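Peer 1: Just dropping this structure here.
The values are calculated or read from the model by the stated rules, or taken from the named source; none is laboratory data. This structure is a prediction, so every number in the text was calculated from the model and none was measured. Cβ atoms come from the backbone with ideal geometry, glycine included; neighbour counts cover every protein chain shown.
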Amino acid sequence: MNRILLGLTLATIAATAAYAAGPDLGAVQQSATNWPAIGMFLFFVLATLGITYKAAKGTKSAADFYAAGGGISAGTNSLAIAGDYMSAASFLGISGLVYTSGFDGLIYSTGFLVGWPIVLFLIAERLRNLGKFTFADVASFRLDQTSIRIISAVGTLVVVAFYLIAQMVGAGKLIQLLFGLPYLYAVIIVGVLMIVYVAFGGMKATTWVQVIKACLLLGGATFMAGAVLYRYGFNPETLFANAVQVHPKGDAIMAPGGLVSNPIEAISLGVGLMFGTAGLPHILMRFFTVSDAQAARKSVFYATGLIGYFYILTFIIGFGGIALLMSDPSYYKLGAAGTFDKLKDMIGGTNMVAVNLANAIGGPYFLGFISAVAFATILAVVAGLTLAGASAISHDLYAQVIARGRTTDKREVNLSKLSAVVIGIVAIFLGYVFENQNVAFMVGLAFAVAASCNFPVLSMSILWRGTTTWGALAGGLVGLLAAVIMVVLSKAVWVTTLGNPAPIFPYDNPALFSMPLAFATIWVVSLMDRSRRGQRERAAFEAQYVRSETGIGASGAHAH
Amino acid sequence: MSSGTTLGARGRPAPPGSGTLGADADPQVARIVRTPEFQQLVHERTRFGWILTILMLVVYFGFIGLIAFDKALLAVKVGGGTASLGLFMGVFVILFAFALTGVYVARANTRFDALSDALKRSVGR
């Protein structure tokens, strides 16, 4: 199995799959040890470990562990959501994409943001009213516990696995480059720290790690964008004019370029990003940490603002990179005659645009700060993913499927902690195995699976009376398999990796096809379901409906 | 929040199959569903949520559609400067998404919460 996976990704190094790939962290080389960055990062680690210690003392019940006791305020939760969502790939990758292609970077920025209103209008409040710890609580509210928890947990673990591999490999390479640490050390540090946060501090520690990281990242990015605009008299027009002058593509960077050439591909990418957001398990979990639907609603509103603001900053940072770095040869590997390719020869690759820009703006200490922020960013995202994966194993698979509900809080939480340790070790191992593979398409795949399995099962069980267990199970399975199979048969894997002459599935993004397929399957199979259980489940919709719409009977803010 | 009701009846940990509980198992559910307050709340909020959802879909996929089908339009310069129409549209999509969430929250905080409170009063909670 590992050999197949290895083979799968081995040849995707040269994959041109810009869509499925998304912003990625390319190949890097180890650089000199960066002491200011290490110092600032150590400070972050100490602070977060202190918080974890405090959180561990206050984490007693299952509600504390999975949902921070439900006592997180809307403002704090919005920062935590933003922290979970703003990955290093979006900070470094999108600013790098803007640096190379200008306008095209905006296509990803908008795609990553527009899922949030959908989460708010259709999901957030109902999720809070119906659920307790995981989105499977909600999906299985009136459906069969065993089957629906299995499909939800599988969907969760697949999303977490692909997302986690991409983050671990990115982390290793980034840290190698930023701190001058060997790849394996970097991966081990990330893995061990995320185990400590999750296993000891549970949701409380994970939340505060996200909050601190979000503040650091937003603060650092604000300072950078501000400094860039300051150079151009706070007039974006001057910044753009300067960028167009020095960029090899000239004025073309202000217009859509080659990123989206095929309309179907563009729409499919959009569908995956938009609805994938509404199916990411580590994001959905955050809605159970607030006291009620009002707080859930407000946290999405603030989070959308923070995330949108962040994407506008990355756009300015990307253009600042063009305007301030492209005319300075010291940021490039010079060729024989002292010449360099502005798009290909940047030291550390184009993903280092934001980092190199930090140096240009604030010198080595600000460079160290931004490097430490990038590390903290990865750490926070993997901690969130680990907690979501561990909860799916302990709360869904163990407590409801294996123990059939006959277990204690204490045993469930202990199993969750153990799962976090196992997930961490597996993540270190996968990070090591995948070191030299192109894993960028995995983030796209994670979003596609979230949009094609988790989102249809969740939304149909909440919104449509007719949904039955058979329908949700079949639809979730079809969506999951369709998304994975379509990616395997696409150019990125089928041609580049497996060496076949032509892709069987013509697009890099499957969501436009796999998501409607999942919805249609849920619908058709539910309609055909004439079982007595199906009848009971349709009848039980009424009770679920009242609770999802009003919150009457919802899980309270504290332990039960 | 409110707790201690039998609604939804998800005593934890729930044995398999216990989620399948008919509405008839709890007469309060049927009573709440029949109240005009509940009908109005659900009708208004569902309608509002779907209208905003469709607005977001139209704006976002309109933007993506222009990128796919009319690149020339997006390359048009605004006010004779460097910034293109596409750039303004991209930033507009981001601001629009945020504004829509604001519109929903404002409506929910006033109208929907009021309806919800009225409902809770009328069912005697």
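Peer 1: Restricting to helices (runs of 4 or more DSSP H) lying wholly in the stretch A:395-467: which have 2 or more residues that are surrounded by 24 or more Cβ atoms within 10 Å (Cβ to Cβ) and free of Cβ contacts under 8 Å to residues at least 40 places away in the same chain?
Peer 2: Working: elements: A:409-433, A:441-449, A:455-463.
Per the criteria, no element qualifies.
Peer 1: Go over the candidates A:243, A:186 one by one and state the one that is at pLDDT 90 or above, of a type in the set (Gly, Ala, Ser) and out of contact with any strand residue (DSSP E or B) (no Cβ under 6 Å at 6 or more places or on another chain). Write out each step before concluding.
Peer 2: Numbers: A:186 fails: at pLDDT 90 or above.
Result of the check over A:243, A:186: A:243.
Peer 1: Those residues that are without any contact (Cβ under 8 Å) to a residue 12 or more places away in the chain and of a type outside the set (A, V, I, L, M), I need them from the stretch A:468-496; list them, please.
Peer 2: A:494
Peer 1: Quick one: in the stretch A:455-470, which of the residues that are of a type outside the set (D, E, K, R) and out of contact with any Leu (no Cβ under 8 Å at 6 or more places or on another chain) is farthest from residue A:148 (Cα to Cα)? Break it down stepwise before answering.
Peer 2: Pass one, the stretch A:455-470, residues of a type outside the set (D, E, K, R): A:455-464, A:466-470.
Okay, now just the ones that are also out of contact with any Leu (no Cβ under 8 Å at 6 or more places or on another chain), so A:455-457, A:460, A:464, A:470.
On the way: A:455: 13, A:456: 12, A:457: 9, A:460: 12, A:464: 16, A:470: 9 Å.
Top of the filtered list is A:464.
Peer 1: Scan the stretch A:232-248 for residues that are surrounded by 15 or more Cβ atoms within 10 Å (Cβ to Cβ), within 33 Å of the chain's Cα centre (by Cα) and outside any helix (DSSP H, G or I) and jot them down.
Peer 2: A:247 - this is the single residue of the stretch A:232-248 that is surrounded by 15 or more Cβ atoms within 10 Å (Cβ to Cβ), within 33 Å of the chain's Cα centre (by Cα) and outside any helix (DSSP H, G or I).
Peer 1: Out of the residues in the stretch A:249-271 meeting the condition of being touching an Asp or Glu at 6+ places or on another chain (Cβ under 8 Å) and surrounded by fewer than 22 Cβ atoms within 10 Å (Cβ to Cβ), tell me which one is farthest from the other protein chains (Cβ to nearest Cβ).
Peer 2: A:258
Peer 1: Which of the residues that make up the stretch A:87-143 are under 16 Å from residue A:314 (Cβ atoms), more than 10 Å from chain B (Cβ to nearest Cβ) and of a type in the set (Val, Ile, Thr)?
Peer 2: If the condition is that a residue be under 16 Å from residue A:314 (Cβ atoms), more than 10 Å from chain B (Cβ to nearest Cβ) and of a type in the set (Val, Ile, Thr), then A:94, A:98, A:100 are the ones that fit.
This table checks each residue for (1) of a type in the set (S, T, N, Q); (2) at pLDDT 90 or above; (3) not in a helix (DSSP H, G or I).
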{"site": "A:29", "(1), (2), (3)": "yes, no, yes"}
{"site": "A:33", "(1), (2), (3)": "yes, no, yes"}
{"site": "A:44", "(1), (2), (3)": "no, no, no"}
{"site": "A:52", "(1), (2), (3)": "yes, yes, no"}
{"site": "A:80", "(1), (2), (3)": "no, yes, no"}
{"site": "A:84", "(1), (2), (3)": "no, yes, no"}
{"site": "A:105", "(1), (2), (3)": "no, no, no"}
{"site": "A:110", "(1), (2), (3)": "yes, yes, no"}
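Peer 1: Quick one: which of B:33, B:42, B:93, B:59 is more than 7 Å from chain A (Cβ to nearest Cβ) and under 27 Å from residue A:278 (Cβ atoms)? Write out each step before concluding.
Peer 2: On the way: B:33 fails: more than 7 Å from chain A (Cβ to nearest Cβ); B:42 fails: more than 7 Å from chain A (Cβ to nearest Cβ); B:93 fails: more than 7 Å from chain A (Cβ to nearest Cβ).
When all the criteria are applied, what remains is B:59.
Peer 1: Another question, then. Working only within the stretch A:283-310, note down all residues that are crowded, with 23+ Cβ neighbours inside 10 Å and among the aromatic types (Phe, Trp, Tyr).
Peer 2: Selection gives A:287, A:288, A:301, A:310.
Peer 1: Can you tell me which residue within the stretch A:333-363, out of those that are buried (at least 19 other Cβ atoms within 10 Å of the Cβ) and not hydrophobic (A, V, I, L, M, F, W, C), is modelled with the lowest pLDDT? Even if it seems obvious, please write down each step before you answer.
Peer 2: From the stretch A:333-363, those buried (at least 19 other Cβ atoms within 10 Å of the Cβ) are A:342, A:346, A:348-361; that's our starting set.
Narrowing the set further to residues that are not hydrophobic (A, V, I, L, M, F, W, C) leaves A:342, A:348-351, A:356, A:359.
Details: A:342: 85, A:348: 77, A:349: 80, A:350: 82, A:351: 81, A:356: 90, A:359: 90.
Among those residues, the one meeting the criterion is A:348.
Peer 1: Let me ask something additional. Taking the conditions exactly as written (under 30 Å from residue A:542 (Cα atoms), not hydrophobic (A, V, I, L, M, F, W, C) and not in a helix (DSSP H, G or I)), does residue A:521 satisfy them or not?
Peer 2: Here the answer is no, as residue A:521 does not meet what is asked.
Peer 1: So, one more: Can you find even one residue in the stretch A:277-295 that is under 30 Å from residue A:326 (Cα atoms) and within 9 Å of chain B (Cβ to nearest Cβ)?
Peer 2: As a first pass, look at the stretch A:277-295 and keep what is under 30 Å from residue A:326 (Cα atoms): none.
There is no residue in the stretch A:277-295 that is under 30 Å from residue A:326 (Cα atoms) and within 9 Å of chain B (Cβ to nearest Cβ).
Peer 1: Please go through the stretch A:499-533 and pick out each residue that is surrounded by 15 or more Cβ atoms within 10 Å (Cβ to Cβ) and of a type in the set (A, V, I, L, M, F, W, C).
Peer 2: Listed by number, the residues that qualify are A:505, A:511, A:512, A:513, A:515, A:517, A:518, A:519, A:522, A:523, A:525.
Peer 1: If you go through the stretch A:88-112, how many residues are buried (at least 24 other Cβ atoms within 10 Å of the Cβ), under 20 Å from residue A:243 (Cα atoms) and either of a type in the set (Ser, Thr, Tyr) or in contact with a His (Cβ under 6 Å, 6 or more places away or on another chain) (or both)?
Peer 2: Residues in the stretch A:88-112 being buried (at least 24 other Cβ atoms within 10 Å of the Cβ), under 20 Å from residue A:243 (Cα atoms) and either of a type in the set (Ser, Thr, Tyr) or in contact with a His (Cβ under 6 Å, 6 or more places away or on another chain) (or both): 3 in total.
Peer 1: Here is a follow-up. Quick one: residue A:149 ticks every box in (1) under 20 Å from residue A:446 (Cα atoms); (2) charged (D, E, K, R); (3) assigned to a loop (DSSP other than H, G, I, E, B) except a single one, so which number is it?
Peer 2: (3)
Peer 1: Okay, moving on. Can you name the residue in the stretch B:103-121 that is among the small types (Gly, Ala, Ser) and exposed (fewer than 14 other Cβ atoms within 10 Å of the Cβ) and, of all such residues, is nearest to residue A:118 (Cα to Cα)?
Peer 2: Among them, the one singled out is B:106.
Peer 1: Might you check whether a residue that is among the small types (Gly, Ala, Ser), under 24 Å from residue B:68 (Cα atoms) and in contact with a Pro (Cβ under 9 Å, 6 or more places away or on another chain) occurs anywhere in the stretch A:260-276? Break it down stepwise before answering.
Peer 2: Of the residues in the stretch A:260-276, the ones among the small types (Gly, Ala, Ser) are A:261, A:266, A:268, A:270, A:272, A:276.
The next check asks that each one be under 24 Å from residue B:68 (Cα atoms); those that pass are A:261, A:266, A:268, A:270, A:272, A:276.
From what is left, the residues that are in contact with a Pro (Cβ under 9 Å, 6 or more places away or on another chain) are A:268, A:272.
Within the stretch A:260-276, one or more residues are among the small types (Gly, Ala, Ser), under 24 Å from residue B:68 (Cα atoms) and in contact with a Pro (Cβ under 9 Å, 6 or more places away or on another chain).
Peer 1: Which of the following residues is more than 9 Å from chain A (Cβ to nearest Cβ) and part of a helix (DSSP H, G or I): B:67, B:54?
Peer 2: On the way: B:67 fails: more than 9 Å from chain A (Cβ to nearest Cβ).
Matching residue, one of B:67, B:54: B:54.
Peer 1: Looking at (1) closer than 21 Å to residue A:213 by Cβ; (2) modelled with pLDDT of 90 or more; (3) of a type in the set (A, V, I, L, M); (4) surrounded by fewer than 24 Cβ atoms within 10 Å (Cβ to Cβ), which one does residue A:122 not meet, given that it meets all the others?
Peer 2: Only one criterion in (1) closer than 21 Å to residue A:213 by Cβ; (2) modelled with pLDDT of 90 or more; (3) of a type in the set (A, V, I, L, M); (4) surrounded by fewer than 24 Cβ atoms within 10 Å (Cβ to Cβ) is unmet by residue A:122, namely (1).
Peer 1: Is there a residue being modelled with pLDDT under 90 and of a type in the set (Val, Ile, Thr) anywhere in the stretch A:203-212? Outline the logic, then answer.
Peer 2: Start the filter on the stretch A:203-212 by keeping residues that are modelled with pLDDT under 90, which leaves none.
Looking through the stretch A:203-212, none of the residues is modelled with pLDDT under 90 and of a type in the set (Val, Ile, Thr).
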